[in-house]
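Q: My questions will all concern the structure given below.
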Amino acid sequence: MNKIFYWIVRNILYIVFHIVYRIEIIGDNDQGTGAIMICSNHTSDLDPIILAIAYKKPIHFMAKKELFKNPVFGWLIEKAGAFPVDRGNVDLKSVKHAMGLLKSERVLGIFPEGTRVKTVDIANMKEGVSLIAAKSGADIQPVLIETNYKLFKKVRVHFRPIIKMEQFNDIPKKEKGKIITNNLFASIYNSKELE
């Protein structure tokens, strides 16, 4: 990641998106210290931009490899800290890179549903996030982006309480992934604001 490039682009987008959308941040957008995984629901290609704008720290996004096929766009998002993942296969290179970022106490951005979804269903959740979190010990920052992305309509970004990995220390390894995934799903979606 080129931090100067990241902050320049982020601040330009901050201004543009605050004009086009009415962004409202709900909750603490600067929780936790050390290695953090920021995990959000995913309904639009605009979601990474919203998270980068709303979150106070730089985010290294794990992004589908197809986005890097365009050399110009691929170069831009790589400079901004994104790195490719092959969603159709077990991508050990991508996982290793993610683990390295967390070991360096960077913020890793992953959409746990793996792709854009329009329905709220726990079956959409992939266990890759929980496996990386359990192996690295990184805490998870759940986020809900609540919007339909209509121009000049409000975008609410809900920052939930951090999910601490230490609370899962006594859970058997074979059950841990599913339990973390269930906790993450509940943290993202189960909120009084949406009732």
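The values are calculated or read from the model by the stated rules, or taken from the named source; none is laboratory data. Note that this is a predicted model, so its numbers are computed, not measured. In this analysis, Cβ positions are derived from the backbone assuming ideal geometry, glycine residues included, and neighbour counts consider all displayed protein chains.
Q: Which of the residues spanning the stretch 145-166 are surrounded by fewer than 16 Cβ atoms within 10 Å (Cβ to Cβ) and either on the phi > 0 side of the Ramachandran plot or among the hydroxyl-bearing types (Ser, Thr, Tyr) (or both)?
A: Tyr149, Phe152, listed by residue number.
A quick yes/no check of all residues on (1) of a type in the set (Lys, Arg); (2) at pLDDT below 90; (3) surrounded by fewer than 17 Cβ atoms within 10 Å (Cβ to Cβ); (4) out of contact with any strand residue (DSSP E or B) (no Cβ under 8 Å at 6 or more places or on another chain):
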residue: Asn2; (1), (2), (3), (4): no, yes, yes, yes
residue: Val16; (1), (2), (3), (4): no, no, yes, yes
residue: Glu24; (1), (2), (3), (4): no, no, yes, no
residue: Ile38; (1), (2), (3), (4): no, no, no, no
residue: Asn41; (1), (2), (3), (4): no, no, no, no
residue: Ala54; (1), (2), (3), (4): no, no, no, no
residue: His60; (1), (2), (3), (4): no, no, no, no
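Q: Would you be able to tell me the number of residues in the stretch 171-190 that are modelled with pLDDT of 90 or more, surrounded by fewer than 16 Cβ atoms within 10 Å (Cβ to Cβ) and among the aliphatic types (A, V, I, L, M)?
A: Count: 2.
Q: Taking Leu101 as the residue in question, decide whether it is modelled with pLDDT of 90 or more, within 22 Å of Ala186 (Cα to Cα) and not small (Gly, Ala, Ser).
A: Working: modelled with pLDDT of 90 or more: yes; within 22 Å of Ala186 (Cα to Cα): no; not small (Gly, Ala, Ser): yes.
For Leu101, the condition - modelled with pLDDT of 90 or more, within 22 Å of Ala186 (Cα to Cα) and not small (Gly, Ala, Ser) - is not met.
Q: Confirm whether Arg87 is within 13 Å of the chain's Cα centre (by Cα) and among the charged types (D, E, K, R).
A: no
Q: Please go through the stretch 160-178 and give me each residue that is touching a residue at least 40 places away in the same chain (Cβ under 8 Å) and in contact with a helix residue (DSSP H, G or I) (Cβ under 8 Å, 6 or more places away or on another chain), ordered by number. Steps first, please.
A: Going through the stretch 160-178, the residues touching a residue at least 40 places away in the same chain (Cβ under 8 Å) turn out to be 160-162, 176-178.
Listed by number, the residues that qualify are Arg160, Pro161, Lys176, Gly177, Lys178.
Q: Check Ile132, Ile140, Ile110 and return the single one that is of a type outside the set (D, E, K, R) and touching a Leu at 6+ places or on another chain (Cβ under 7 Å).
A: Only one candidate passes the filter, namely Ile140.
Q: Tell me which of these Gly81 doesn't satisfy, since it passes every other one: (1) closer than 25 Å to Asn148 by Cα; (2) under 14 Å from the mean Cα position of the chain (by Cα); (3) not in a helix (DSSP H, G or I).
A: Just one mismatch for Gly81, condition (1).
Q: Give the residue that is surrounded by the most Cβ atoms within 10 Å (Cβ to Cβ), with candidates limited to residues of the stretch 62-74 that are touching a Gly at 6+ places or on another chain (Cβ under 8 Å) and closer than 22 Å to Ile8 by Cβ.
A: Leu67
Q: Another question, then. Given the criteria in contact with a helix residue (DSSP H, G or I) (Cβ under 6 Å, 6 or more places away or on another chain) and part of a helix (DSSP H, G or I), does Ile19 qualify? Walk me through it before giving the result.
A: Values: in contact with a helix residue (DSSP H, G or I) (Cβ under 6 Å, 6 or more places away or on another chain): no; part of a helix (DSSP H, G or I): yes.
No, not satisfied.
Q: Within the stretch 4-14, track down each residue that is of a type in the set (A, V, I, L, M) and exposed (fewer than 13 other Cβ atoms within 10 Å of the Cβ).
A: Ile4, Ile8, Ile12
Q: If you check every pair at least six apart or on different chains, which have Cβ atoms under 8 Å apart with a residue in the stretch 93-115 that is free of Cβ contacts under 8 Å to residues at least 40 places away in the same chain first and a residue that is among the hydrophobic types (A, V, I, L, M, F, W, C) and assigned to a helix (DSSP H, G or I) second?
A: Val95/Ile132; Ala98/Ile132; Met99/Ile132
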